[in-house]
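Visitor: Quick one: the structure is below, and I'll ask about it shortly.
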Protein chains: 2
Amino acid sequence: MTSMTSTGRADRTVTMREVAERAGVSVTTVSHVVNDKPGARIGAEARARVQQAVEELGYRPNVLAKNLVQGTSAFIGLVADSIATTPFAGQIIRGAQEEAWRHGRVLLVANTEGDEAAERDALAMMLEYKVRGILYSTWNHRATAIPDALAETDHVLVNCFAPGTPTRAVVPDEVDGGRTATELLLSQGHRRIAFVNTTSPSPAREGRLQGYREAHAALGAGVDEALVLEAAPEQEGGYAIAEQVLSLGATGVFCHNDRVAMGLYDALRERGLRIPGDMAVVGFDNQEVIAGHLRPPLSTVALPHYELGAAGVRVLLGAEEVEPGASLRVACPAVTRSSIAAL
Amino acid sequence: MTSMTSTGRADRTVTMREVAERAGVSVTTVSHVVNDKPGARIGAEARARVQQAVEELGYRPNVLAKNLVQGTSAFIGLVADSIATTPFAGQIIRGAQEEAWRHGRVLLVANTEGDEAAERDALAMMLEYKVRGILYSTWNHRATAIPDALAETDHVLVNCFAPGTPTRAVVPDEVDGGRTATELLLSQGHRRIAFVNTTSPSPAREGRLQGYREAHAALGAGVDEALVLEAAPEQEGGYAIAEQVLSLGATGVFCHNDRVAMGLYDALRERGLRIPGDMAVVGFDNQEVIAGHLRPPLSTVALPHYELGAAGVRVLLGAEEVEPGASLRVACPAVTRSSIAAL
């Protein structure tokens, strides 16, 4: 059962029989100890001898055999459209993996790059490996359809959701994030705050705008609708919108993401304007390579990717309760740097 | 063997017996067809009936059982220090996964964040799952020690190497990359080219400098050693070095990476200088979120992360030959954008 002939290293492989001989017990006893067989009556002394022999010989139990007996594996699947290759969304994988390990589970990751055939293959592979369940995730927060194969096992959506289905989801709280970003400016006395939203319809666009409004409302401050702008959600969009932000007499600006803020920085600098003295700027995402290294370093709100992955595993394993069809919303915390001055 | 009771979805699970009944053959015949048993004599018609029944019923063979019989699994392990969470190095995972799939293998990924205990756990887990072999990789190109457990199976290093050992490695060709970056400037007539190298000792520092020298030598052009500078390899380093680059009368500058170029851009802009008219700039890495979105978009050289992962799998599976102790060097291609003008 433990031979590894196909790797050509059989010389290094220790068998269960060798462990039994060293410990002076039967192979059956070794098997029961190694596989934690429930109900097996084994004396403490024999158990200790087996464990010592396992350690001395470097014996590695065959988990494949163990899984087969149990009818399920220690695996949790994570199907991702491109989070392994999207800057910073890889933290979803890290959060899911570390939480899985805490529960004695192993994460099987498949990156599909949004390709349907690759997705079908990935799901089929995971079902064949008898995963305990599957996390289905997207690099950006959005609505999604549920592939048929996903319904064959327990599953939880991460960073996406399936409206009108009983599927459970874990998503960032966009409203909370929008409110937090706006409060960073309001708390420093700013009242004419432009919001450069994205042109792409998405939960991020709707949610962050709602948060922007709620933050003003909580202070009894009105929102001048002229201050709500839209731009392509990258550096080029932020650069192009600068003139409009300035013409509206804004003293602060909340950008849909850090990349927009980066482009806006360039445009302001070209006009000889200083951040935060002439314009206070807040981003969204906390994209490390950018946010912490702009001049001045950008105050922003973090997308909680690590926590999305970790919470997804907890929901899948029943360690955290979410009603069917409901979404667990994870807060987006403020990251304060130097791009906001008091008005 | 195919029950999935622990997921609570046994109602959906199709057994091998049901397939046998539908196809009108024995369970043994189904098992032989499904597991591609070598030497089993099964008629073409019976085989077709089994395959049809498998499809109609949605039967999923139990790969765990198959692996157990074979003594090895379809898995290839990938142990990474933090490439899943480092912007753009995640492409190593994508390249390894897609190449593994092309060979009918499945990639097991474990991210260790450089933690030794996590690394031990990851390697033990992979050995227990009887992986065909393990890729051991680092987010930055560097020398590494080989963990003991890695020696228990076939292994290949990716983006790292182990000097003085017989271990095979796949690494970026830093010399080639440095030469390519320098040639982008030389070919446009630049002869006073500053090189802002990193302060961190690394194969990247040595290799890119060698490439910078070789590109000059190939043209019979001398290198003014005063033009070889060093700075911290991030935006702050590039910003701080600008004054020195300008004082040396350089017309072009090759930056150790795109982040350095981004900081240099800021410093040049503050002085009212234009890129590429007043200064031509080349980066290294092709970090998508940055390089393509600077003003002007940055000409650079790509780190071939996808290809490193794919080549690692090919070497592990013997589809590409590398001598023991040798490194396969993967070229770093030029990515031309708009930050270089002819002199």
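Read-outs throughout are calculated quantities, based only on the coordinates presented, and are distinct from any laboratory measurement. What you see is a predicted model; the values in this text were computed from it and never measured. Note: ideal-geometry Cβ built from the backbone for every residue, glycine included; neighbour counts use all protein chains shown.
Visitor: Hey, if you put +1 on the Cβ of every Lys and Arg and -1 on every Asp and Glu Cβ in the protein assembly as shown, which of B:V282, B:L246, A:G189 ends up farthest toward the positive end of that dipole?
Guide: B:V282
Visitor: Output the 0 to 90 degree angle, nearest 10, between the alpha-carbon long axis of helix B:174-186 and the longest principal axis computed from the alpha carbons of chain B.
Guide: Orientation of helix B:174-186: about 40 degrees from the principal axis.
Visitor: Let me ask something additional. For the protein assembly as shown, max minus min Cα coordinate along each principal axis, in Å, sorted largest first?
Guide: 80, 69, 57
Visitor: How much net charge surrounds A:T28 when only the other residues with a Cβ under 13 Å from the Cβ of A:T28 are counted, with Lys and Arg +1 and Asp and Glu -1?
Guide: Local charge sum for A:T28: +3.
Visitor: Let me ask something additional. Count of lysine pairs in the protein assembly as shown with Cα atoms under 16 Å apart, counting only pairs 8 or more residues apart in sequence or on different chains?
Guide: 7
Visitor: Let me ask you something else. Given B:C332, A:H293, B:P233, which one lies farthest toward the positive end of the charge dipole of the protein assembly as shown, if we put +1 on the Cβ of every Lys and Arg and -1 on the Cβ of every Asp and Glu?
Guide: Going by the charge dipole, the pick is B:C332.
Visitor: Could you give, in nm with one decimal, how far A:A117 is from each other copy of that position, shortest first, with labels 7 Å out from Cα toward Cβ?
Guide: 4.5
Visitor: Something else now. If you take every residue apart from B:D115 with its C-beta less than 13 Å away from the C-beta of B:D115, what net charge results, scoring Lys and Arg +1 and Asp and Glu -1?
Guide: With Lys, Arg at +1 and Asp, Glu at -1, the neighbours total -4.
Visitor: Using only Cα atoms and rounding to the nearest 10 degrees, what angle (0 to 90) does helix B:258-270 make with the longest principal axis of chain B?
Guide: 30
Visitor: Now, a different point. Could you please tell me the mean projected area of the C-alpha convex hull for chain A, averaged over all directions and given in square nanometres to one decimal?
Guide: Its Cα hull, projected and averaged over all orientations, spans 22.6 nm².
Visitor: Moving to a separate point now. Residues of A:130-143, mean number of Cβ from any other protein chain within 10 Å of their own Cβ, rounded to a whole number?
Guide: So the per-residue partner count for this stretch is 1.
Visitor: With axes computed from alpha carbons, what is the tilt in degrees of helix B:203-218 against the longest principal axis of chain B, rounded to the nearest 10 within 0 to 90?
Guide: Rounded to the nearest ten degrees, it is 60.
Visitor: If you add up the charges near A:T144, with Lys and Arg at +1 and Asp and Glu at -1, over every other residue whose beta carbon is less than 14 angstrom from its beta carbon, what do you get?
Guide: Counting the neighbours of A:T144, the net charge comes to -2.
Visitor: Could you please state, rounded to a whole Å, how far the C-alpha centre of segment B:130-183 is from the C-alpha centre of segment A:14-58?
Guide: Between the Cα centres of segment B:130-183 and segment A:14-58 lies a distance of 37 Å.
Visitor: Could I ask something else about it? Subtract the Cα-Cα distance of B:S200 and B:L273 from 0.36 nm times their separation in residues, and report this length gain in nm to one decimal.
Guide: 23.4 nm
Visitor: Shifting gears a bit: Once amide H atoms are built 1.01 Å from N in the peptide plane, which residues 5 or more positions from B:T165, or in another chain, come under 5 Å H to H?
Guide: For B:T165, no residues qualify.
Visitor: Let me ask something else. Quick one: which of B:33-44, A:267-278, A:21-32 comes out on top by average Cβ neighbours within 10 Å, and what's the full order, highest first?
Guide: A:21-32, A:267-278, B:33-44
Visitor: Enumerate the amide H contacts of B:F75 below 5 Å, restricted to partners 5 or more residues apart or on another chain; note that Pro and chain-start residues carry no placed amide H.
Guide: B:V106, B:R132
Visitor: Something else now. Can you work out D for segment B:174-303 in µm² s⁻¹ from Stokes-Einstein, where Rh is the Kirkwood radius over C-alpha pairs, the temperature is 20 °C and the viscosity is 1.002 mPa s?
Guide: Once the numbers are plugged in, D ends up at 153 µm²/s.
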